[in-house]
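Trainee: Please find one structure pasted underneath; my questions will follow.
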Amino acid sequence: MNGLILILIIQTVQTRRRVPFIMLTAIAVEILGQVMTGKRQGLLLFVLYLLCGLAIYFGNLAGPLLKSVGLPYNRILTRLSYVLIPLALVAMIGFLGVVRTGSRAQNVIGLGIGQLTQYLQLPLINLEAVCQAIGLGPAGGYKPAGLLTGLLPYRLWGVISGNELPIQLPQPGIGTGFYMPLHINTGLPGIILFAFAAGYASRYFYNKSFTSLFHLLVYCQMAWALFAAHSYNHFLTLVFLPAPAICFLIFAILTKSLRVRVLPKREYAIRQESLQI
């Protein structure tokens, strides 16, 4: 859904046509789905995905957002958007916290700030516990196959291993950061090698995203994996990166849109011109 909405916004801005009903419907379904399930991470992923894709493709963030919803692109609205979008996102995070916990908070912005603060603090508590328990790692010997845990369907892995961690976490159900699965299964060598591999892959997809639709869609997904590294390693989570990347590849092949046909040396000038008109 995120990739579809991004493509619809790009097409709307490029063709300078009226805002399509299907795009507004897709955005409403996406937001409503996150509200109904109370998934704050899904909402953050959705917003970051769109912002990252528009910033890369157009070299400009406020212009495409305003044009895609039919608003004029001027200095006043641009500056307001840079203030209102973060405030609206924080308020929505607070509202989802109310929906999820059933509390009666009066200030959703304050609650949203508190939720985001916990989002950063709790994984650090788990990370400290893991470091205290196993040092430089790994826990009980090198087990590279353990990295496949997040790349298999949850129920299938439960049949194989029971979904048991070798360490009791002080904050169960909360992530422990980018390095936890590497730390437990491969120790410091695995952390170093995987960090280089993830960095190289991210840079490769970023460079390609300026001229390739497939790489653009995948890198926007990678952007969330990098942004949420304080809590999770989504490079090793099936539903957050590998599965969406496969879906984006199939979609790009079926639509024959693997490459965005824009001259590399003029791409920003052409895209900026499309915003000004």
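Bear in mind that the values in this text are calculations on the coordinates, not laboratory data. None of these values were measured; they are calculated from a predicted model. In this analysis, Cβ positions are derived from the backbone assuming ideal geometry, glycine residues included, and neighbour counts consider all displayed protein chains.
Trainee: Students often check this: by mean Cβ neighbours within 10 Å, which of 205-214, 58-67 ranks highest, and how do the rest follow?
Mentor: Working: 205-214: 18.2, 58-67: 21.0.
Top of the packing list down: 58-67, 205-214.
Trainee: Continuing with the same structure: Per residue of the range 77-83, in order, report the coupling 6.51 cos²θ - 1.76 cosθ + 1.60 (Karplus, θ = phi - 60°) as ³J(HN,Hα) in whole Hz, putting x for Gly and Pro.
Mentor: Running phi through 6.51 cos²θ - 1.76 cosθ + 1.60 with θ = phi - 60° gives 5, 4, 5, 5, 5, 5, 9 Hz.
Trainee: Quick one: what are the phi-derived ³J(HN,Hα) couplings along the range 246-253, Karplus 6.51/-1.76/1.60 with θ = phi - 60°, whole Hz, x for glycine and proline?
Mentor: Coupling constants for the range 246-253: 5, 5, 5, 5, 4, 4, 5, 5 Hz.
Trainee: Within 10 Å, count the other beta carbons around each residue, average over each peptide in 39-45, 241-247, and list them highest first.
Mentor: 39-45, 241-247
Trainee: Which peptide among 119-131, 189-201 comes first, and what is the full order, when sorted by highest mean count of other Cβ atoms within 10 Å?
Mentor: 119-131, 189-201
Trainee: Fewest to most neighbouring Cβ within 10 Å: what's the order for Val83, Val218?
Mentor: Val83, Val218
Trainee: In nm, give the distance between the simple-model label positions of Ala145 and Gln171, each being 7 Å from the Cα along the Cα-to-Cβ direction.
Mentor: About 3.2 nm separates the two model spin labels.
Trainee: Right, another one. Given a Förster distance of 25 angstrom, what is the FRET efficiency for Leu80 paired with Asn207, based on the Cβ-Cβ distance and rounded to 0.05?
Mentor: Efficiency computed from Cβ-Cβ geometry: 0.15.
Trainee: In addition: Local charge sum around Lys39 (other residues, Cβ-Cβ under 12 Å, Lys/Arg +1, Asp/Glu -1)?
Mentor: On the way: positive: Arg40, Arg100; negative: Glu30.
My count for the surroundings of Lys39 gives +1.
Trainee: If you don't mind, there's one more thing I want to ask. Return the FRET efficiency for the residue pair Ala197, Val35: r is the Cβ-Cβ distance, R0 is 51 Å, and the value is rounded to the nearest 0.05.
Mentor: 0.90
Trainee: Under 5 Å between amide hydrogens, which residues at least 5 positions from Ser212 or on another chain qualify, with H placed 1.01 Å from N in the peptide plane?
Mentor: Under 5 Å from the amide H of Ser212: Val260.
Trainee: May I pose another question? Sorting Ser68, Ser81 on the 10 Å Cβ count, fewest up front, what's the list?
Mentor: The most exposed by this proxy come first: Ser81, Ser68.
Trainee: What ³J(HN,Hα) values, in whole Hz, does the Karplus curve 6.51 cos²θ - 1.76 cosθ + 1.60 give for the range 226-241 when θ = phi - 60°, with x put for Gly and Pro?
Mentor: Once rounded to whole Hz, the list reads 6, 5, 8, 5, 5, 10, 9, 10, 6, 5, 10, 10, 4, 7, 9, 9.
Trainee: What FRET efficiency comes out for Val239 versus Ile125 if R0 is 22 angstrom and r is the Cβ-Cβ distance? Round to the nearest 0.05.
Mentor: After rounding, the FRET efficiency stands at 0.30.
Trainee: In what sequence do Ile27, Ile250, Ile76 fall when counting other Cβ within 10 Å, fewest first?
Mentor: Sorted ascending by nearby Cβ count, the order is Ile76, Ile250, Ile27.
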